[in-house]
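Before any comments, here is the structure.
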Amino acid sequence: MSLSKKILVTGGAGYIGAHTVVELFASGYEPVILDDLSRSDRTLLNGIQEITHRDVSFFEGDCCDKQFLSEVFKSAGPFACILHFAAYKSVGESVEKPLEYYRNNIGSLVTLLEVMQDNNVRDLIFSSSCTVYGQPDHVPVNESAPFKRAESPYGATKQVCERILEDAYSTGFRIVSLRYFNPIGAHPSTLLGEIPIGAPNNLVPYITQTAAGIREKLTVFGGDYDTHDGTCIRDFIHVVDVATAHVKAIEYLKQRSEESLYEVFNLGTGIGVSVMQLIKKFIRVTGINLPYTVGARRPGDIEKVFADPAKVNKALHWKVKYSIADSLLHAWQWEKKIRDLKN
Ligand code: UFG
């Protein structure tokens, strides 16, 4: 890794990217954001500035555009490492628009690797997902579990991207893939959080919007799963914990001397929480009434998945700091904040 402190953050105006930019500043790095703002807007860039009191270096453009990317490398580099968040991430939308997902998620990664090669930048942290496992045979799932058929085109893009990295790393890349479980919550300052486009697909934004009265009620997708209360089980992790793991991953690569390497880590808490448990906890923590009903299963949902985080805990010297209660409280505080901004 070069001695430069500059880190290119693709998708840095998005939910996880923006939280990571804050942690990069706090650790003495100089993040440079690249984002096409197609699934985000400048709100989070302003939030980063308010939290860090730093000028945010920002390039607006598409990561699939090789010429644009090359110009960013030339004008804002040299980069010590690239954090590649830029991707489409809606499972439901990927079923409706599979080709857009393949073009964007795979095209941006291949373009980025080519431009990294042209500029002699070797270190990359890739945003992968627990969806690569499909429904694992055993939970908690560890990194050596085989990939099952992905339930959605979105999941398939993450599987293909990991395959590309596995094939390409030996040509001179040093790569860490972080398989996120379910990132939730918001920055404790309430200056950053998730801004869903349209009606949220994900559970926690739907919960907070229902609690705020924007949605009439929450539907729990399926109450007849083979789990202790019949609802699906996930590993919900605070977004700031996800962000700090990226800083640890940069440090990890710095300490490794290999010319090329590829490592994969689960990024989860290790605690499986059911949808119903999460709802009850939200009500308890916030004291807000949450109307909900139990409905049909959502096609493509996995019954039960949570991480074995032993590898990431040991190798990256990282562990979670925030509880589920913290995550839900921060998500609720953020929801109230964006309502005020919009009203
Ligand atoms: N759920 C509900 N009601 C809702 C929304 C969700 O009951 O209104 C349930 C789902 O059925 C699921 C659980 O809440 O059992 C979590 O669902 P999310 O949509 O929040 O998240 P997923 O577990 O489906 O995760 C998927 C992908 C991740 C990806 C994430 C965010 O698996 O890789 O969506 O896009 F990161």
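Residues that are over 15 Å from the mean Cα position of the chain (by Cα) and within 20 Å of residue 325 (Cβ to Cβ) do occur in the stretch 256-271. When residue 103 is tested against the conditions (1) among the basic types (Lys, Arg); (2) surrounded by fewer than 19 Cβ atoms within 10 Å (Cβ to Cβ); (3) within 16 Å of the ligand (Cβ to nearest atom), the lone failure is (3). Here residue 318 meets the list (1) loosely packed, with under 14 Cβ neighbours inside 10 Å; (2) in contact (Cβ under 8 Å) with a residue 60 or more places away in the chain almost entirely, failing just condition (1).
When residue 59 is tested against (1) surrounded by fewer than 21 Cβ atoms within 10 Å (Cβ to Cβ); (2) hydrophobic (A, V, I, L, M, F, W, C); (3) in a helix (DSSP H, G or I), just one condition goes unmet, and that condition is (3).
Criterion applied to 79, 126 was being assigned to a loop (DSSP other than H, G, I, E, B), surrounded by 16 or more Cβ atoms within 10 Å (Cβ to Cβ) and in contact with a helix residue (DSSP H, G or I) (Cβ under 9 Å, 6 or more places away or on another chain), and the one residue passing it is 79.
Among the residues of the stretch 167-186, those identified as part of a strand (DSSP E or B) and more than 12 Å from the ligand (Cβ to nearest atom) are 174, 175, 176, 177.
In the set 81, 161, which member is within 16 Å of the ligand (Cβ to nearest atom), at pLDDT 95 or above and not polar (S, T, N, Q)? Even if it seems obvious, please write down each step before you answer.
Numbers: 81 fails: within 16 Å of the ligand (Cβ to nearest atom).
Within the list 81, 161, the selection yields 161.
Do you know which residues across the stretch 226-283 are of a type in the set (D, E, K, R), outside any helix (DSSP H, G or I) and away from the ligand (no atom under 16 Å from the Cβ)?
256, 258, 259, 263
If you go through the stretch 208-221 and keep only what is in a helix (DSSP H, G or I) and out of contact with any Leu (no Cβ under 6 Å at 6 or more places or on another chain), you end up with 208, 209.
The values are calculated or read from the model by the stated rules, or taken from the named source; none is laboratory data. From a predicted model like this one, the values you see are computed outputs, not experimental measurements. Cβ: placed from backbone, ideal geometry, glycine included. Neighbour counts: every protein chain shown.
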